[in-house]
Amino acid sequence: MSPEKLAYMANQIGKFFAHQKHDQAVAAIADHLDKFWDPRMRSGILAHLDEVQLDPLVREAVTAIAARSSQ
Amino acid sequence: MPLIQETDYGTPESSAAEQVTLTIDGQEVTVPAGTSIMRAAMEADIRIPKLCATDSLEAFGSCRVCLCEIEGRAGTPASCTTPVAPGMKVSTTGERVRRVRRGVMELYLTDHPIDGFTSPVAGNSEFQEMAGLIGVREVRYGQDGVNHLHSEIDVSNPYFQFDPARCIVCSRCVRACEETQNTFALTIEGRGFASKVAAGAGEQFLTSECVSCGACVQACPTGSLLEKTVIELGQPEHSVITTCAYCGVGCNFKAEMQGDTVVRMVPWKDGKANHGHSCVKGRFAWGYANHQDRILKPMMREKITDPWREVSWEEAIGRVASEFKRIQATAGKNSIGVITSSRCTDEETYLVQKLARQVFGNNNTDTCARVCHSPTGYGLRTTFGTSAGTQDFDSVEQADVMMVVGANPTDGHPVFASRMKKRLRQGAKLIVIDPRRIDLVRMPHVEASHHLPLRPGTNVAVLTSLAHVIVTEGLVDAAFVRERCDAEAFADWAAFVAEPRNSPEEVAKVSGVPAETIRAAARLYAGARNGAIYYGLGVTEHSQGSTAVMALANLAMATGNIGRRGVGVNPLRGQNNVQGSCDMGSFPHELPGYRHISDSAVRAIYEGEWGVTLDAEPGLRIPNMIDAALDGSFRGVYIQGEDIVQSDPDTKHITAGLAAMECVVVHDLFLNETANYAHVFLPGSTFLEKDGTFINAERRINLVRKVMAPRASLADWEVTQEIARAMGLEWNYTHPSQIMDEIARTTPTFAGVTYEKLAQGSVQWPCNDTAPEGTPIMHMNGFVRGTGNFVITEYVPTDEKVGPRFPLLLTTGRILSQYNVGAQTRRTENVVWHHEDVLEIHPHDAEERGVRDGDLVRLASRSGETTLRARITDRVAPGVVYTTFHHPATQANVVTSDYSDWATNCPEYKVTAVQVSPSNGPSEWQEEYRELTQRSRRIEAVPAK
């Protein structure tokens, strides 16, 4: 899957939760990605974290998922 | 099974609480005050002759055959127009009334064909029956006088004819058009002897405003209006109650049969969704079941460029199983998936998702709700706690203000639209939020108080602005919010919507809706005793579709319009079983009953039932499947009853994804557009050929009953079962009722559902120990999630922007006579009303481009282009164009974009930046696609044995 498209979709999700307090927003974005995205979509972003344009909150959420995945 | 004939009580039921006791023909009868003598008599099994009366219409009192005598009163009053009174003594059979009735009937017969044996209504004519009941033995005046016996028959309508010679001008048809359908297409033209039923002003039925709902045909007591199939085939001999397979209203019909041949479909009076009414699709457009295009044998081919080869069921199923196993062995268990159908039954969709989860071992299951109401699921679950509409259809009778948002009920949900119009004519107010001036905005006897013709893509801004008015002008139902909703969430939301940037004055700048109109609409809705929201795909099919659904839910909670009759948030579901397909666990993240796949307790239920370990991760949604196909990680799909090439957005992307797969299995009635990219074709069965259930937009579970054997020998659920068996699972269902038993056993909201219960009448889920008779109204004593959750709905403009190259916004929809991709309705006489998709364009935009009405135009976007004819109309605002997606020759979705809802990936069909210009012929894509289709549909000749 195109990392750019996945990043675009993740940023869309991020915009919805952006009004929440920082930690809540990051958790909500990560939760949405967990609950609605097939694992290969999540890994598609994780594999290109350095290349894709992610909004800050989304990047934190995706990084949190990456950290959890590596545990 | 006999022919089902419902009791006709002659006049409508009275809803009065007060009871009145009277005597009719010596029999004591107690009925509600306001009941007519005719109805009271019928309640006591005393049948008074009648012609102009029927219980779906208000009493009219014109035919004079229902006369009676009342002790102490002079004359012979009409029993249909005379209400009962306490102590009244009525005689219906005295010689005086008998004599008058005979005389009246005799006069009718002087101007009526006397062709009892050869009449097309022979054996099933209310008029003939009444002549028999009244006892007419001669027509003393003969038929030599001036008469209507040789009047020209109007055969213009493809489904029914009007024979004026048989008409007695009782006005039942005219009143049915007014009271049942609320269209006012029919009238009585002329006076006295010259009076006659007319469609419009001297027009034929076909060219008049008649919408062919069939209400007039059903109301006609003489056969003057009669189905052409009855004229051709004769009267039916038995009937079976079943459920329509078109829109989400879910009308019940009597399939009236001769053996296994359908003679006609007649709306069932006891149907709880339709109460005896119908539309042109359900009533008449069922001929596709026998269309010559039906594929009745399984077919296969090695490559999609090969011609099809007919094979046995065993060979086809064997190929599906071996290919899916091979792909999984090569590319992993997550490399294949399924797409369930909202046109199939609950039992069938349940089995298809079960196939993915139990047999394939993954959650790659999705359904066409992905591209229509998936945001409804997300939005209503987040705010209220469950993924469904809150009301039953009958609730509209208590609504004082209706807010219709992004829906066009008169075209998309016509039977419910008739109920809406009736209520509006009774005085309810209407707000329409839609870029187009839909019919409800202004039509005979209905006019919206406010139409908000917003710019496509600005729903969330406008809905949030309505909330701004409600909060800042003190129109919140504080008591409701305090008692029923999350206080903190409300406080955050109220502060957000109150911000000046959400004011109507600011939102007017982006939406194009005048601030005062937004303010007036908000005041009207918030001030209603009962305010009801009805919405459609104009809300969901946006990049902020889920946000808009939550914005609607916020409005309902803030104004206390939830949890009782007359209010609520009501998604008007597109296809017949969208609700059911979602309920059945078709989504890749949810098991049946909307329980997330990550919930180990829920998984344990199915692991126990199915004997496998379930994957706890969500699977791919349809757009994700296509993307994954293009990167090689998704290689095979079983598609039951869907045509994603025609219905899903950005056609070129969809076809590229399908073409990249190794095994595409299409299970359908016809070689649809998706079948152009298939390797195996499995012939499907129509709703007439199988048992099962559909669930309509009001969560009503309705039985679908088989009236004929599957033409391809297997019902769809049997085909799925054969695939599972071929892949090694011992599925042994022998009837869909056993599948429903499994659903009830594993899904708490369906725990009380059985076929035996449904045979007694439909029920609305939740149906369980708490609500054994179902749940017509949700959230009455509290929200399913506990407290109502207000959600902040920040407006995020779509990235699909207009610009110099694409300066117009395209929005798409549907039309009354066609249904979804048109696979069914295009194969009926409905094409007489709509044989091609057309592009609606505003006169200013057309003039700027040198486009005249009827011109062929090129419609181009960043995704692709097509050509179609232009219709110049101010129904659309300047800058907006509109078309339908019913015809594959147009392929409107070659133009739509890949943008989708942030939460659900529901495509943004409603906003595509386009340009329109004059054209000389089909686009390059259309030419190429036409050739591809011709090549792809070749079927090898079967060698002679």
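Derivation of every value follows stated rules applied to the coordinates shown; laboratory data play no part. Values in this document were obtained by computation on a predicted structure and should not be read as measured data. Glycine also receives a Cβ, built like all others from the backbone with ideal geometry; neighbour counts cover every protein chain displayed.
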Subject >> Dipole-positive endmost among B:His238, A:Ala10, B:Ala33 within the protein assembly as shown (Cβ charges, Cα centre) >> reply: B:Ala33
**OP:** Take peptide A:11-24, look around each residue's Cβ out to 10 angstrom, count Cβ atoms belonging to other protein chains, and average those counts.
**Re:** 3
Original post:
Using the Karplus equation 6.51 cos²θ - 1.76 cosθ + 1.60 (θ = phi - 60°), what ³J(HN,Hα) coupling, rounded to whole Hz, does each residue of the stretch B:720-732 give in order, writing x for Gly and Pro?
Top reply: 4, 4, 5, 5, 4, 5, 5, 9, x, 9, 8, 7, 9
Subject >> Per-residue average of Cβ from other chains inside 10 Å of A:28-39 >> reply: 5
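Scan the stretch B:1-57 for GluC sites (Glu not before Pro) in coil per DSSP, keeping those whose Cβ has at most 14 other Cβ atoms within 10 Å, and list them by number.
Numbers: sites: B:Glu6, B:Glu13, B:Glu18, B:Glu28, B:Glu43; in loops: B:Glu6, B:Glu13, B:Glu18.
Listed in order of number, the matching sites are B:Glu6, B:Glu13, B:Glu18.
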Original post:
By its C-alpha gyration tensor, with a ≥ b ≥ c as the square roots of the eigenvalues, how is the stretch B:374-556 shaped: rounded for a/c under 1.5, else prolate for a/b larger than b/c, else oblate?
Top reply: rounded
Original post:
Considering only the protein assembly as shown, what is the antiparallel percent among its DSSP beta bridges, to the nearest 5?
Top reply: 60
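Grab the other residues whose beta carbon is less than 9 angstrom from that of A:Lys5, score K and R as +1, D and E as -1, and report the net. Numbers along the way, then the final one.
On the way: positive: none; negative: A:Glu4, B:Asp627, B:Asp898.
Counting the neighbours of A:Lys5, the net charge comes to -3.
Residue by residue through B:896-906, how many Cβ atoms from other chains fall within 10 Å of the Cβ on average? Please list the in-between numbers first.
Numbers: counts 0, 0, 2, 3, 2, 2, 10, 5, 1, 4, 0.
Shielding by partners across B:896-906 averages 3.
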**OP:** Rounded, prolate or oblate: pick one for the stretch B:281-372, where a ≥ b ≥ c are the square roots of the eigenvalues of its C-alpha gyration tensor, a/c under 1.5 means rounded, and failing that, prolate if a/b is larger than b/c, else oblate.
**Re:** oblate
**OP:** Under a cut-off of 12 Å between alpha-carbon atoms, report the aspartates and glutamates in cross-link reach of B:Lys50, not counting same-chain residues fewer than 8 places apart.
**Re:** B:Asp8, B:Glu126, B:Glu129
Subject >> Cα-based convex hull volume of the protein assembly as shown per residue, rounded to whole Å³ >> reply: 184
**OP:** Please list, or write none, the lysines whose alpha carbon is within less than 23 Å of the alpha carbon of B:Lys297, excluding same-chain residues fewer than 8 places away.
**Re:** B:Lys690, B:Lys706, B:Lys945
Original post:
Can you give the angle from 0 to 90° between the axis of helix B:374-383 and the longest principal axis of chain B, with both taken from C-alpha atoms, to the nearest 10?
Top reply: 90
**OP:** Give the distance, in whole Å, between the Cα centre of the stretch B:653-675 and the Cα centre of the stretch A:1-53.
**Re:** 30
Original post:
How big is the antiparallel share of DSSP beta bridges in the stretch B:19-93, given as a percent to the nearest 5?
Top reply: 85
Subject >> Estimated FRET transfer efficiency (B:Thr30, B:Glu397; beta-carbon r; R0 30 Å; 0.05) >> reply: 0.75
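Looking at the stretch B:549-704, I'd like the Rg to Rh ratio, where Rg is from alpha-carbon atoms and Rh is Kirkwood's inverse mean 1/r. Don't skip to the answer; put the middle values down first.
Numbers: Rg = 18.8 Å, Rh = 18.4 Å.
Ratio of gyration radius to Kirkwood radius for the stretch B:549-704: 1.02.
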**OP:** Work from the charge dipole of the protein assembly as shown (Cβ charges, +1 for Lys and Arg, -1 for Asp and Glu, about the Cα centre) and give the residue of B:Thr828, B:His667, B:Gly135 farthest towards its positive end.
**Re:** B:Gly135
Original post:
Shape call for the stretch B:808-935 from the C-alpha gyration tensor, a ≥ b ≥ c root eigenvalues: rounded (a/c under 1.5), prolate (a/b greater than b/c) or oblate?
Top reply: rounded
Original post:
Long-range amide H contacts for B:Trp308: which residues qualify at under 5 Å (H placed 1.01 Å from N, peptide plane, sequence gap of 5 or more or a different chain)?
Top reply: B:Arg938, B:Ile939, B:Glu940
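Would you mind counting up the charge near B:Glu129? Only other residues with Cβ under 12 Å from its Cβ, with Lys and Arg at +1 and Asp and Glu at -1. Intermediate results must be reported in sequence, preceding the final value.
Numbers: positive: B:Arg47, B:Lys50; negative: B:Asp8, B:Glu126.
It works out to a net charge of 0.
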**OP:** Determine, for the stretch B:160-290, the count of lysine pairs separated by eight or more sequence positions (or lying on different chains) whose alpha-carbon distance falls under 24 Å.
**Re:** 9
Original post:
In square nanometres, what is one fourth of the surface area of the convex hull spanned by the alpha carbons of chain B?
Top reply: 40.9
Original post:
Taking a point 7 angstrom from the Cα of A:His22 along the C-beta vector, which residues in the stretch A:31-71 have backbone N less than 20 Å away?
Top reply: A:31, A:54-68
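DSSP loop trypsin sites (Lys or Arg not before Pro) in the stretch B:482-532 with at most 16 other Cβ atoms within 10 Å of their Cβ, which ones? Spell out each step's value before the answer.
Values: sites: B:Arg482, B:Arg484, B:Arg501, B:Lys509, B:Arg519, B:Arg523, B:Arg529; in loops: B:Arg529.
Loop-located and lightly packed - B:Arg529.
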**OP:** Using only Cα atoms, find the angle between the long axis of helix B:459-472 and the longest principal axis of chain B, and express it within 0 to 90 degrees, rounded to the nearest 10.
**Re:** 70
**OP:** Between beta-carbons, use under 11 Å as the cut-off and find the net charge around B:Thr883, counting Lys and Arg +1, Asp and Glu -1.
**Re:** 0
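Over all distinct alpha-carbon pairs, what is the Kirkwood Rh of the stretch B:181-300 in angstrom?
On the way: mean 1/r = 0.0619 Å⁻¹.
That comes to 16.2 Å for the stretch B:181-300.
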Subject >> Sites B:Glu607 and B:Val510, calculated FRET efficiency, Cβ-Cβ separation with R0 51 Å, nearest 0.05 >> reply: 0.55
Original post:
How do the peptides B:380-388, B:686-694, B:651-659 rank, highest first, by the average count of neighbouring beta carbon atoms within 10 Å per residue?
Top reply: B:686-694, B:380-388, B:651-659
Original post:
What 222 nm value per residue comes from the helices of the protein assembly as shown, counting each DSSP H run with n ≥ 4 as -39,500 (n - 2.57) and dividing by all residues, nearest 500 deg cm²/dmol?
Top reply: -9000 deg cm²/dmol
Original post:
Dividing the alpha-carbon radius of gyration of chain A by 2.2 N^0.38 Å (N being the number of residues), what value is obtained?
Top reply: 0.97
Subject >> Peptides ranked, highest mean first, by Cβ atoms within 10 Å: ranges B:275-283, B:304-312, B:30-38 >> reply: B:275-283, B:30-38, B:304-312
Original post:
Points 7 angstrom from Cα along the Cβ direction at B:Val155 and B:Glu237: gap in nanometres?
Top reply: 2.7
Subject >> On Cα atoms only, tilt of B:313-331 relative to the major axis of chain B in degrees >> reply: 30
Subject >> Antiparallel %, DSSP beta bridges [both residues in the stretch B:833-888], to 5 >> reply: 65
**OP:** List the aspartates and glutamates whose Cα lies under 18 Å from the Cα of B:Lys333, skipping any in the same chain that are fewer than 8 positions away.
**Re:** A:Asp38, B:Glu323, B:Asp366, B:Glu607, B:Asp615, B:Glu617, B:Asp627, B:Asp631, B:Glu662
